[in-house]
Structure formats: structure tokens, C-alpha cells
Amino acid sequence: MVEQPIEEVEQPVEQPIEEVEQPIEEVKSFKELNICDSLIEACNRLGWTAPTKIQADSIPHALEGKDIIGLAQTGSGKTGAFALPIIQAFLDENSPQPFFGCVLSPTRELAFQIAEQFEALGASSGLRTAVLVGGVDMNQQQLALGRQPHIVVGTHGRLMYHLTNTKDFSLRTLKYLVLDEADRLLNVDFEKALDDILKVIPINRRTYLFSATMTKKVKKLQRACLMDPVKVESDSKYSTADTLQQQYLFIPAIKKDCYLVYILSEMSGSTMIFTQTCDATGVLALMLRNLGFRAIPINGQMPQETRSGALNLFKDGDCNILICTDMASRGLDIPTMDMVINYDIPSISKNYIHRVGRAARAGRSRVAISLVNQYELEYFLQIEKLIGKTLPVHPAKEEDVMLFLARVNQAKIISQKKRKEGGKNKRKGRGDDDGDEVEKWQNTSKGNRGGKTFKKSRR
Ligand code: AMP
């Protein structure tokens, strides 16, 4: 199944936005941003010695009580940019109320990551958080709400469920509303939920809207939330990080697997491979595992628990190759990414920026390689136009690559057979889908961690 983009609807923008393209002055420390000592200590404990650009640009306005529209690349520290002023305001309250802030996230994984950052920054301040997302037990969430958290992070469907059904849960005292990855939030369901949420939260609140790009959707949300924002733009809209080496290989569709294996065997480190369909994540993962690679799939068709399991295996280093759809290209906090491979070229050019953003974090030098076949050339040319760069070819000698052909073909046959058997078992109710594969890894990964890789097995 191809994960569909959400349709954009052109809307006029009614409110003028105060644009702040540059920081007001060169800021070098959290202290100079007027962040309080206890929060600076919390930042230091996380290894945040200085604010990132989006933090330096937006926090002074947030602390002045302004609404913010923050545009920044993925991995730029935008969670800190909204979490720090909210926690500082929480600390300034004499007796802070529960349900002080609410963050809406487009995905479940991102919701957990945002809550983790709030918890890490607010650990010594008694800040309590609750995560309200689908795919997780309702009773547990009701218990968490019973503990009167200060910050609620959720996806709109589950948040609305609890607002409607959970006794004593309301957002009447809310001081801060955050819409993260705002350009991904707007679909018909979300619009309805946001309308309902806006009816039950105070008008007198601050609203922060963060997004990688400024789209018509973001403007629509700004209007819906009646914001009077300062717009902070840390990077040009469609740029990719300078520290990212971007390359491509133009190859026939039939040779893609062989080139993929060649690249993986030549390069080391953690890698994300993007495919266009959910099914392809599972097929590729099986093939790569048959070749001794530590690969795991993640896609939107897996149950939430399995998705989190896959992500944790990757984050913990038990698997170093994550194969995913565009679902994972936004918002997931995977700090140790070294390489992104576009196994399929995205038909929506902006998705390329989000994908390669996974490998362009915190100023470290990383690589993104796109495998372009004859049918995808047009998409690739559109991407080059969007980023304003002509990308160089990744160096690879055809004869070196073809040394892998026999084993890649063999691994493909085995994985196709396994998928077929898995499909049959599934029909018989025994199940053997990508989720089961993740579970198998969870059970065996500790033992395999130092195990044979394809590179070693070639020697
Ligand atoms: P985000 O863009 O919010 O997903 O953050 C991406 C990564 O940057 C996370 O791993 C954060 O822990 C990290 N981060 C956020 N702020 C800072 C900072 N000021 N210095 C260093 N790392 C940071």
C-alpha cells in the first residue's frame, strides 16, 4: 500500500505575520536567552551546551509572551525551542495547574519523543507528562491523566477521545498549545478535532506552531488558532544541510538490490532505507537479513507496539539498518543516523528533504544516496530543482557491484519464499508479517549483536 500524502487546500491568510529572519543578535548561551539556571542545568545534563539556531531565534520571543511560528529543519532542536519556554513559564508559576501545556503531534512515535524531552528537561522541576496516542491501552492513559499531568502530548484522535470520555480531564486551564510538524497535521479528521479542542481551551493562551516548511496548511492552522505570531525561520525553506553529502546512482530497476547491497557493504554505520510502499520494507528487510545485515522494517501497517519495538531496536543499535516508508521521514528522533538511502525516489519532492534530514543532524558529516531508475528520473530532476543543486554520482564500479549478484539473487528467492509462507500462515491465522519479524529480532537481537555481517562474511 502506498502511504498517501494529505491533500493541500489553498486558503487566504488573514493575519499579517511579523517576520524575523535573523536572530536579533549573536547569542551564544542559554543564559543570554534568559533561560533560568535550573533549566540550563537540565540542558547541560542532556549535553546541550548552547542553543541551536531555532532555539536562539525563537526563545526570546516566546519568553516575551508572543505566539510563534517556527520553521526549521528536522533535527534542529525545535522540541527544545517550544519545551524550554513552556517549562520556564511552568517554573515561574506559584502553584502551577495541571494541564498547563498540550502538544499535538502527527505521529505516535513523535509524541513519545516530545514527552521524553519534556520529562528530561523538567525532571528536577516536578513536571509530569502524559502521552495520549492510539494503539496504547486506554486504561493506562486514564490512570496517567488521573495523576494530573502538567503537559499532555498526543495525537488528535486519542486526545479527543479522552476529552470526551475521561472523567475530570479537561483543558480549561491550558496555557500553551503546541502544534508540532504542523504541515502534516491538517486532514479532515484533524480539522474537526482541532475545532473541538479550540472550543474547550482558553482563548487567552500562547500558541506555538512548528514545522519544517511553511505551507498553505500551516497558514490555515495559523488562521484557525487565531494566532498573532512572530515567524522565525532558521533556514531557507527547502535547503538541505551543508554537512550532508548527497549523491545518486542512475541504474536500471532490475539492478537496484545489487547496488543497495554493494553500498551497504562498503559503508558502515546506522542507515535508513526509504521505500515507497509498506510491503517493500518487509521484503527488503528479509532479503538483507538473509545476507547477514542487521535490518528491520518499520511501516504504518504495523501495530503501534511493534513500531515502537522496531524503533527501539534501531536506537539501541541492535539493528543498524531501518527500512521505512515516508511515515518515518518526519519527526523521529534518531540521533545516530549516518546514511540515508532512497531505494525508491519520492514522487513528492519535499519528502526528499524530510528523508535526507534524518542524516543531517547536529552538524555532523553524513551521506544520502538516491538509487534512481529509468522510471524515477523525472522525480529526481524535480528534487534537484527544488534543492537548487545538481548532485554528484556516487562512485561505484559496475564490475565490483555485480560480484554480489549471485548472492543477492539467492537471498531474494529465499525471502520471497518466506514472505509467501508468511502470507499463507497469516491467512491460516498463524501470522508471520513484518510485526512478527520485529518480535523475532527482539527475542534474538542481543545474541546477534556482534554477529556476522555480510561484509565480514565476504572475507
Ligand atoms: P528535535 O529537532 O527537537 O527533534 O531535536 C533533535 C535532536 O537535537 C535531539 O536529539 C535533541 O536532544 C537535540 N538537541 C536539541 N537541542 C539541542 C542543543 N541545544 N544542543 C545539542 N543538541 C540539542
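The values are calculated or read from the model by the stated rules, or taken from the named source; none is laboratory data. Treat the numbers as computed from the prediction; the structure is a model and nothing was measured. Reconstructed Cβ throughout: ideal geometry from the backbone, glycine too, with neighbour counts over all protein chains shown. Areas reflect the complete protein model, heavy atoms only, side chains present, ligands, DNA and RNA absent. Shrake-Rupley method; radii C 1.70, N 1.55, O 1.52, S 1.80 Å.
Other residues with beta-carbon under 10 Å from the beta-carbon of Asn342 carry, at +1 per Lys or Arg and -1 per Asp or Glu, a net charge of -1.
DSSP loop GluC sites (Glu not before Pro) in segment 29-82 with at most 16 other Cβ atoms within 10 Å of their Cβ, which ones? Don't skip to the answer; put the middle values down first.
Working: sites: Glu32, Glu41, Glu64; in loops: Glu64.
The qualifying sites are Glu64.
Packing order of peptides 270-283, 152-165, highest average first: 270-283, 152-165 (average count of other Cβ atoms within 10 Å over each peptide's residues). Pairs from the list Lys350/Lys389; Lys199/Lys220; Lys53/Lys216 with a Cα-Cα gap above 20 Å: Lys53/Lys216.
In whole percent, how big is the carbon plus sulfur part of the accessible area of segment 18-233, probe 1.4 Å, protein atoms only? List each step's numbers first, then the result.
Numbers: 4230 of 8830 Å².
Here carbon and sulfur together make up 48 percent of the probe-accessible area.
Probing with 1.4 Å while keeping every protein chain in the model, the per residue accessible area of segment 18-233 equals 41 Å².
With the Cα gyration tensor of segment 18-233 giving a ≥ b ≥ c as the square roots of its eigenvalues, does the rule (a/c under 1.5 for rounded; else a/b larger than b/c for prolate; else oblate) give rounded, prolate or oblate? Note, shape of segment 18-233 comes out oblate.
Go ahead and run the numbers for FRET between Gln97 and Glu399, Cβ-Cβ distance against an R0 of 51 Å, rounding to 0.05. The partial results should precede the final answer.
Numbers: r = 69 Å, r/R0 = 1.34.
With R0 = 51 Å, the Cβ-Cβ based efficiency is 0.15.
Count Lys and Arg as plus one, Asp and Glu as minus one, and take only other residues whose Cβ is under 9 Å from that of Gly134; the net charge is then +2.
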